[in-house]
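The values are calculated or read from the model by the stated rules, or taken from the named source; none is laboratory data. Owing to the predicted nature of the structure, the values given are computational and were not obtained by experimental measurement. Counting neighbours? That spans all protein chains shown, and the Cβs are built from the backbone with ideal geometry, glycine included.
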């Protein structure tokens, strides 16, 4: 179980490594992370909210005096990222302070505590924080089954487009490779072409 961390661009690089390779890195330390519009760092808060949670533990810290420039507001971006992690039930902690700047002062003072928190033995059971989401009525979360991985439901397709389901759970899509409209049975997974040359 490896950890990775950094500050500023190093922090977002560390998060990216864990995000892409949670099989190798499951602990992330981020101080004044550049979750702003620098090489796409600003997409992470939305991506975290729309992706099944990954088995990573994240410690973040930032300050009100962090950078605010043409690439974005570091304090705001870190708050958005922390909120997204919390919303999706990650084992995440966000330490905040007033003042300081885009430097290591606050982060270095809290580094030992951050390492203790990251490397604690306690296990985490992810719980989605949907309190602010109209009573938790979020379609995506209804699709994600905690503790279960994704299952392959179809292969050999060129490009499945216009996916939808009916009340019985049957899946319909347009196979752009064959130009067919296909129904996939919810009961046995069988495929039936219901229309030819759909496009």
Scanning segment 33-61 for residues that are in contact with a helix residue (DSSP H, G or I) (Cβ under 6 Å, 6 or more places away or on another chain) and part of a loop (DSSP other than H, G, I, E, B), the one nearest to residue 94 (Cα to Cα) turns out to be 33
Residue pairs qualifying under the 6 Å Cβ cut-off, at least six apart or on distinct chains, with the first in segment 91-114 being under 25 Å from residue 22 (Cβ atoms) and the second being modelled with pLDDT under 90 and part of a loop (DSSP other than H, G, I, E, B), are 91/124
